[in-house]
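Notes for the one structure printed next.
The values are calculated or read from the model by the stated rules, or taken from the named source; none is laboratory data. These figures come from a predicted structure and were not determined experimentally. All Cβ positions, glycine included, derive from the backbone under ideal geometry; neighbour counts span all protein chains shown.
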Amino acid sequence: MGSSEALIRATVNRISARLGHGVADAAAELAVLAQDAPQRLRQEWDLFQDEVRAEAERIERGDQATVNTDVASSSEPSDNPQAVIDRLRAKVADLSQAIEARP
């Protein structure tokens, strides 16, 4: 085997080894995130439900000044309570589907 062939094989071996370590590190990091994901998703879901209930109570009281800027920034006017409710229902439905779809 000539020295250039050995150099090429050595290069390929080292690149493969480095990529293998990178993949293993990424897989380990992904495993940690996957373990935390259900709890974090549940916390976010609970928080979102609390926000929806609070928003619905504000809407029922007619307190439009406290509508969340995310909701108010959509293309529909923020002074339309039905539009706000419809957007919130859509967000709840999306989150419900995401939770039900997880394994």
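Within the stretch 17-31, identify whether any single residue is within 30 Å of N80 (Cβ to Cβ) and either of a type outside the set (A, V, I, L, M, F, W, C) or out of contact with any Pro (no Cβ under 9 Å at 6 or more places or on another chain) (or both), and answer yes or no. Looking through the stretch 17-31, none of the residues is within 30 Å of N80 (Cβ to Cβ) and either of a type outside the set (A, V, I, L, M, F, W, C) or out of contact with any Pro (no Cβ under 9 Å at 6 or more places or on another chain) (or both). For the stretch 51-72, the count of residues that are touching a Ser or Thr at 6+ places or on another chain (Cβ under 6 Å), at pLDDT 75 or above and assigned to a helix (DSSP H, G or I) is at least one.
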